[in-house]
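Asker: Sharing a structure, written as structure tokens. Questions coming.
The values are calculated or read from the model by the stated rules, or taken from the named source; none is laboratory data. Only a predicted model underlies this, so the values are computations on that prediction, with no experimental measurement involved. Glycine also receives a Cβ, built like all others from the backbone with ideal geometry; neighbour counts cover every protein chain displayed. What goes into the accessible areas is simple: the full protein's heavy atoms, side chains included, and nothing from ligands, DNA or RNA. Shrake-Rupley method; radii C 1.70, N 1.55, O 1.52, S 1.80 Å.
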Amino acid sequence: AEVEPSTNPFSVELLTVPQVEGDQEYEISIVPVAGESTAENNSLRTTVSVRKTKIRVLLVERAPRWEFRHLKPLLERDEMIELKTVLQDSDLDFVKEDRTALAGYPTQQDELEKFDVVILGDVDLSFFNPQSLVHLRSFVSEQGGGLLFIAGEKHNPKSFLGTPLEVLCPVDLETLSLPPQEVTLGPGFQLEPTPEGRTQTFLRLDDQMADPSALWKSLPDLHWAWNVGRSKPGAVTLAVQSNRFSDSGKMPVIVWQRFGSGQVLFHATDEMWQWRQGRED
């Protein structure tokens, strides 16, 4: 990689995908320049442990909306993911016939601790034991679990206001509003990564592209998303609506924050399934 000369510290992202399991040793070196007093600090060795361990994911949804219908089979086919699902509006046949289905959301803390990541869709909290929400907060803050909110029009996240989930959400729930129907039926918006979002490997979309900007612009427009007036202090906005604004700038769509030992990611839209059309996995 080549960088411009600078007198200030800066970061460089180096992408690599290990091909074998085990301890991998990497050496990073920079070419000495004229006038350096010493070249001894121009290289660094480090060891990265690569382990083939499955990520245990719990996907919780109220109804089988399009986002669920695309996300569930995608996660099922990933050999590195062990998926369990809870579908609130399902019947007994779904629980009996679907190998991922649980009869209900885990009510005990030790049951929740069997997972690494929880994905909450447009869930109705009236189906939950109130103590389960406290367990979820502890799962993130103390166990170091990951939590993903995928917004919906009925519940997530506006109805989480005043519950233990409110503090977990990285956007200010009091600033949320639904877009008018004439907006959602009109011209859509592109999802635009912020400078912080461009540094995230999971938002690169294509590991082979040095600059994925063209790929982002080629993706289908989205039409529906919550109007997010403000992210919480300490949260990081990773992607915004390209042409819709709040008082603080372009509307946040993907927002991330650390919470205790864990991490929380919020999607203000449930239309990313459209990106898979014609591309599949």
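Asker: Taking the Cα centre of the chain as origin and charging only Cβ (+1 Lys, Arg; -1 Asp, Glu), how large is the dipole, in debye to the nearest 20?
Answerer: Details: 27 positive and 43 negative charges, 98 e Å.
Dipole of the chain, to the nearest 20 debye: 460 debye.
Asker: Using Cα pairs under 8 angstrom and six or more residues apart, how large is the relative contact order of the range 1-85, in percent? Walk me through the intermediate numbers first.
Answerer: On the way: 72 pairs, mean separation 21.5, N = 85.
Result for the range 1-85 is 25 percent.
Asker: Sticking with this structure for a sec: Taking amide H positions as placed 1.01 Å from N in the peptide plane, with prolines and chain starts having none, which residues 5 or more places from GLN24, or on another chain, fall under 5 Å of its amide H?
Answerer: Close amide H contacts, sequence-distant or interchain: VAL48, SER49, VAL50.
Asker: Hey, another quick one. Describe numerically, in nm with one decimal, the distance between label points set 7 Å from Cα along Cα→Cβ at LYS114 and at GLU79.
Answerer: With each label point 7 Å from Cα toward Cβ, the separation is 2.5 nm.
Asker: I need the Debye-formula profile for the chain: one equal scatterer per C-alpha, no solvent, reported as log10 I(q)/I(0) at q = 0.08, 0.10, 0.15, 0.17 1/Å, two decimals.
Answerer: Calculated log10 I(q)/I(0) at the listed q: -0.41, -0.63, -1.28, -1.53.
Asker: A further question on this structure: Relative contact order (percent) for the range 178-281, with alpha-carbon contacts under 8 angstrom and 6 or more residues of separation? All intermediate terms of the calculation are to be shown ahead of the outcome.
Answerer: Numbers: 158 pairs, mean separation 28.4, N = 104.
Across the range 178-281, relative contact order equals 27 percent.
Asker: A further question follows. So, how do all the Cα-to-Cα distances of the range 215-281 break down into 5 Å bins, in percent, from 0 on up?
Answerer: 4, 15, 24, 22, 17, 12, 6, 1
Asker: 222 nm [θ] for the chain, helices only, -39500 (n - 2.57) per DSSP H run of 4+, per residue, to 500? Please report the intermediate quantities before stating the final value.
Answerer: Numbers: 7 runs with 48 residues, N = 281.
After summing the helix terms and dividing by the residues of the chain, the value is -4000 deg cm²/dmol.
Asker: So how much slack lies between PHE127 and THR16, counting 0.36 nm per residue of separation and subtracting their Cα-Cα distance, in nm? Can you show the working numbers first?
Answerer: On the way: separation 111, 0.36 × 111 = 39.96 nm, distance 4.32 nm.
Stretched fully, the PHE127-THR16 segment lengthens by 35.6 nm.
Asker: Using Cα pairs closer than 8 Å and at least 6 residues apart in sequence, work out the relative contact order for the range 66-157, in percent. Don't skip to the end; give the middle numbers.
Answerer: Details: 84 pairs, mean separation 22.6, N = 92.
Contact order relative to length: 25 percent.
Asker: Only loop residues by DSSP count here, and only those with at most 16 other Cβ atoms within 10 Å; note down the trypsin sites (Lys or Arg not before Pro) in the range 35-124 that meet that. Intermediate values should be presented prior to the final figure.
Answerer: Details: sites: ARG45, ARG51, LYS52, LYS54, ARG56, ARG62, ARG65, ARG69, ARG77, LYS84, LYS96, ARG99, LYS114; in loops: ARG51, LYS52, LYS54, ARG62, ARG65, ARG99, LYS114.
Answer in residue order: ARG51, LYS52, LYS54, ARG99, LYS114.
Asker: Follow-up question, since we're still on this one. Roughly what angle does helix 66-77 make with the longest principal axis of the chain, taking Cα atoms, 0 to 90 degrees, to the nearest 10?
Answerer: 60 degrees
Asker: Here is a further query. Using the beta-carbon distance between VAL50 and GLU192 and R0 = 35 Å, what value does 1/(1 + (r/R0)^6) give for FRET efficiency, to the nearest 0.05?
Answerer: Numbers: r = 33 Å, r/R0 = 0.94.
About 0.60, to the nearest 0.05.
Asker: Give me the angle, in degrees from 0 to 90, between the Cα long axis of helix 130-141 and the longest principal axis of the Cα atoms of the chain, rounded to the nearest 10.
Answerer: Roughly 0 degrees, rounded to the nearest 10.
Asker: Please work out how much length the chain gains when fully extended from ASP98 to SER43, using 0.36 nm per residue of separation minus the C-alpha to C-alpha distance, in nm with one decimal.
Answerer: Numbers: separation 55, 0.36 × 55 = 19.80 nm, distance 5.19 nm.
Gain in length upon complete extension: 14.6 nm.
Asker: Just going by the charge dipole of the range 2-109, with Lys and Arg at +1 and Asp and Glu at -1 on Cβ, which of SER49, PRO18, HIS70 is farthest out on the positive end?
Answerer: HIS70
Asker: Something else: Considering only protein heavy atoms and a probe of 1.4 Å, how much of the accessible area of the chain is carbon and sulfur, as a whole percent? Could the numbers behind the result be given before it?
Answerer: Values: 8290 of 16380 Å².
The nonpolar share, carbon plus sulfur, comes to 51 percent.
Asker: Here's a follow-up. Under a point-charge model restricted to the Cβ atoms of Lys and Arg (+1) and Asp and Glu (-1), what is the dipole moment magnitude of the range 1-106 relative to its Cα centre, in debye to the nearest 20?
Answerer: Using only the charged Cβ atoms, the result is roughly 580 debye.
Asker: Please give the direction-averaged projected area of the C-alpha convex hull for the range 101-234, in square nanometres with one decimal. Working shown, then result.
Answerer: Values: hull surface 42.0 nm².
Mean orientational projected area (the range 101-234, Cα hull): 10.5 nm².
Asker: Just give me a number: lysine pairs in the range 30-167, eight or more positions apart or cross-chain, with C-alpha atoms less than 26 Å apart.
Answerer: Taking the Cα cut-off of 26 Å, the pair count is 17.
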